[in-house]
1. Residues being modelled with pLDDT under 90 and exposed (fewer than 15 other Cβ atoms within 10 Å of the Cβ): count how many of those fall in the stretch 1-15.
2. Under 7 Å between Cβ atoms, which residue pairs at least 6 apart in sequence (or on different chains) link something in the stretch 59-82 that is modelled with pLDDT of 55 or more with a partner that is of a type outside the set (A, V, I, L, M) and exposed (fewer than 14 other Cβ atoms within 10 Å of the Cβ)?
3. One residue is enough: does the stretch 34-43 have a residue meeting the conditions surrounded by fewer than 11 Cβ atoms within 10 Å (Cβ to Cβ), under 13 Å from the mean Cα position of the chain (by Cα) and at pLDDT 85 or above?
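The values are calculated or read from the model by the stated rules, or taken from the named source; none is laboratory data. This is a predicted model, so every value here is computed, not measured. All Cβ positions, glycine included, derive from the backbone under ideal geometry; neighbour counts span all protein chains shown.
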Amino acid sequence: MPDRLELTERQQQMLRMAGSSYKRQGTRESDIQYLFTLTPTAFYQQVNSLIDTEHDDAWNPMLVRRLRALRGSEGRPRVRRLGVSI
């Protein structure tokens, strides 16, 4: 197995921001543009490519697993408690 690469500080900050919670969506988007000089779309494309690699799992396994789970749940239809699709 090849040696694992370390994440850069910027990549770690990107994963932390993707895993953090914001009360308002616009605040997150403006922070992404200010801190990383990226559009939100480009930011999430980079985050998705980061969580697909193996070396991020060693850095913060819980965060990476949570981000992978969030990404996987976005395509599924939402279900209410009684099993009725919304």
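1. 7
2. As it stands, the answer is R71/N48, since those pairs meet every condition given.
3. Yes, the stretch 34-43 contains at least one residue that is surrounded by fewer than 11 Cβ atoms within 10 Å (Cβ to Cβ), under 13 Å from the mean Cα position of the chain (by Cα) and at pLDDT 85 or above.
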